[in-house]
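> Have a look at this one.
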Amino acid sequence: MDIEAEPSGGGRAVPAEWTVMESALGPLFLAATERGLVRVEFHADAARRERMLDRLAGQLGTEPVERASGLLAGAIRGLDRYFAGEPGDIDVPLDWSLTAGFNRQVLRELADGVPYGTVVGYGELARRVGQPGAAQAVGAAMGSNPLPVVVPCHRVVESDGGLGGFGGGLETKRRLLALEGVLPAPLF
C-alpha cells in the first residue's frame with residue numbers, strides 16, 4: 001500500500017517513530033510516520049543512527065521518537081519474514097515524502113514492477129518510466145532511495161550483468177540478491 005505525500009521540509013511537522021532492528025545484514029534503522037514506513041538505513045551503528053535522527057528531524061520538522069505506538073510493527077514483521085527467506089515483497093504502507101519528481105516515479109515503478117527474485121537494468125527502468133536515455137538518472141534515483149530493501153533498489157543491475165552500485169555496499173547487494181535466489185549464496 002502506498003501513501004502519496006509531498007516532500008517535507010516547509011510544511012507542517014510530521015511525527016515519526018524509529019527503531020533499530022537486527023537483520024541478516026546487521027542492524028537496520030527504520031522510521032515510520034502515521035502514513036507509513038518512511039526510512040530504512042543499513043549498517044545502523046550508533047553514529048549512523050544519530051546522523052539519521054538529525055536528518056529525519058530536519059526533513060520531517062520534528063524529532064522522531066523511539067518506537068512508541070507500534071507504527072513500525074508491520075515493517076518489522078515483513079522484514080523478519082523477508083530475511084528468514086520467505087519469498088515475496090514486503091507489503092507495508094509507504095510514506096513517499098522523502099522523495100519527489102523523477103526519483104519518486106522511478107522508485108514507484110521499481111516497487112510496483114520488479115518483483116521478488118527478478119532484476120532489471122538501469123536502462124530498462126528508465127524506459128519503463130518514459131525516459132529511455134536516463135539510465136544514469138535512474139542510478140541517481142537508486143542512490144537516493146529512502147526505503148532500500150522494501151523499495152528494492154538492489155534488484156537494479158547493469159545491462160551487461162554487472163551489479164552496478166549500491167548505497168548499502170556491494171556485499172550487501174550480493175547478499176540480498178542471493179537471498180532472493182538471483183545469485184548463488186556466498187560460500188562463507
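> Only residues that are over 12 Å from the mean Cα position of the chain (by Cα), on the phi > 0 side of the Ramachandran plot and open to solvent by less than 10 Å² (accessible area, probe 1.4 Å): list them for the range 137-163, please. So that I can check it myself, show each step before the final result.
Here is the first cut: in the range 137-163, the residues over 12 Å from the mean Cα position of the chain (by Cα) are 137-140, 156-163.
With the extra rule that they be on the phi > 0 side of the Ramachandran plot, the set shrinks to 161.
None - no residue of the range 137-163 is over 12 Å from the mean Cα position of the chain (by Cα), on the phi > 0 side of the Ramachandran plot and open to solvent by less than 10 Å² (accessible area, probe 1.4 Å), so the list stays empty.
> Turning to a different aspect of this structure: May I ask you to verify whether Arg77 is farther than 17 Å from Val151 by Cβ and either outside any loop (DSSP other than H, G, I, E, B) or touching an Asp or Glu at 6+ places or on another chain (Cβ under 6 Å) (or both)? Explain how you work it out, then say what you get.
On the way: farther than 17 Å from Val151 by Cβ: yes; either outside any loop (DSSP other than H, G, I, E, B) or touching an Asp or Glu at 6+ places or on another chain (Cβ under 6 Å) (or both): yes.
So Arg77 passes the test.
> Search the range 152-186 for residues being farther than 20 Å from Leu107 by Cβ and part of a loop (DSSP other than H, G, I, E, B), and hand back the single one that is modelled with the highest pLDDT.
So the residue we want is Gly181.
> Still on this structure: Run Gln131 past the list (1) crowded, with 18+ Cβ neighbours inside 10 Å; (2) farther than 17 Å from Val40 by Cβ; (3) touching a Phe, Trp or Tyr at 6+ places or on another chain (Cβ under 9 Å) and report the number of the one that doesn't hold.
(1)
> May I pose another question? If I filter the range 86-103 for residues that are free of Cβ contacts under 8 Å to residues at least 60 places away in the same chain, buried (at least 19 other Cβ atoms within 10 Å of the Cβ) and of a type outside the set (Val, Ile, Thr), do I get at least one hit?
yes
> Exactly one condition in (1) open to solvent by less than 50 Å² (accessible area, probe 1.4 Å); (2) at negative phi is false for Gly167; which is it?
(1)
> Consider Ala75 carefully, then state whether it is hydrophobic (A, V, I, L, M, F, W, C), on the phi < 0 side of the Ramachandran plot and in contact with a strand residue (DSSP E or B) (Cβ under 9 Å, 6 or more places away or on another chain). Even if it seems obvious, please write down each step before you answer.
On the way: hydrophobic (A, V, I, L, M, F, W, C): yes; on the phi < 0 side of the Ramachandran plot: yes; in contact with a strand residue (DSSP E or B) (Cβ under 9 Å, 6 or more places away or on another chain): yes.
When the stated conditions are applied, Ala75 passes them.
The values are calculated or read from the model by the stated rules, or taken from the named source; none is laboratory data. These figures come from a predicted structure and were not determined experimentally. All Cβ positions, glycine included, derive from the backbone under ideal geometry; neighbour counts span all protein chains shown. These accessible areas exclude ligands, DNA and RNA; they are computed on the full protein's heavy atoms, side chains included. Shrake-Rupley method; radii C 1.70, N 1.55, O 1.52, S 1.80 Å.
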